[in-house]
Amino acid sequence: MDLSNLKPAKGSVKREKRIGRGQGSGRGGTSTRGHKGGQSRSGYSRKIGFEGGQMPLQRRVPKYGFTNLNRREYKAINISTLQTLAETRQLSVISVQTLAEAGLVSGKDLVKILGNGKLTAKLDVSAHAFSKSAKAAIEAVNGTATII
């Protein structure tokens, strides 16, 4: 065996169907498209979501709710998280940039500090929003809560 007599395996290569080449070919006349109807015509394209005339899924499922374009989505950080961050990195000032460096938020996130947990370290925290309990907990240990 050499390169001059290489052939594909028997039955692995098939000829293409030659459609519309007369009645003798067995594929003339309607050229495998059937009789009449949209799919027999040239230029036919099925609508997106068309289910053969059955009511399509996007029309069967009811619409509900709406999306508020003015919604402000905050990333919630508890004061217990601030406490562990301050202990591990020996910090007294925590900002959004500090939280981003720690991998808790991305740089674009709006950050809200929530009051879950205990805070013992005196911290100067700056964020986009604070809950009442978080602000009270920070100020109880003589820290400051600054809204950006």
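Please treat every number below as a calculation from the coordinates, not as lab data. Remember, predicted model here, so these are calculated numbers, not experimental data. FYI the Cβ positions are ideal-geometry reconstructions off the backbone, even for glycines, and counts take in every protein chain you see.
Think of the chain as a dipole: +1 on every Lys or Arg Cβ, -1 on every Asp or Glu Cβ, centred on the Cα centre; then among Leu85, Gly20, Ser131, Gly20 lies furthest on the positive end.
Per Stokes-Einstein, at 20 °C and 1.002 mPa s, what whole-number D in µm² s⁻¹ belongs to the chain, with the Kirkwood radius over Cα pairs as the hydrodynamic radius? Taking Rh from Cα pairs, D becomes 95 µm²/s.
Arrange Met1, Met55 by Cβ neighbour counts within 10 Å, fewest through most, would you? Working shown, then result.
On the way: Met1 5, Met55 8.
Ascending Cβ contact count within 10 Å gives the list Met1, Met55.
The amide H of His128, built 1.01 Å from its N in the peptide plane, has Val111, Ile148 as neighbours under 5 Å, considering only residues 5 or more places off or on other chains.
When averaged across all projection directions, what area in nm² does the alpha-carbon convex hull of the stretch 74-147 cover? If you can, show how the numbers build up before the last one.
Details: hull surface 15.8 nm².
Reported value for the Cα convex hull: 3.9 nm².
Going Cα to Cα from Lys17, which lysines come in below 25 Å? Please leave out same-chain ones fewer than 8 positions away. Output for Lys17: Lys7, Lys36.
Who wins for biggest fluctuation among Arg33, Arg15, Arg89 in a Gaussian network model of the chain, springs between alpha carbons below 10 Å? Answer for the Gaussian network model of the chain: Arg15. Among Thr67, Thr84, Thr32, which one moves the most in a GNM of the chain with springs linking Cα atoms closer than 10 Å? Result for the chain, Cα springs under 10 Å: Thr32 fluctuates most. Highest GNM mean-square fluctuation among Glu101, Glu16, Glu87, for the chain modelled with Cα contacts below 10 Å: Glu16. Listed cross-link partners Lys47/Lys108; Lys75/Lys122; Lys47/Lys75 are compared with a 31 Å cut-off, the Cα-Cα value being larger for Lys47/Lys108; Lys47/Lys75.
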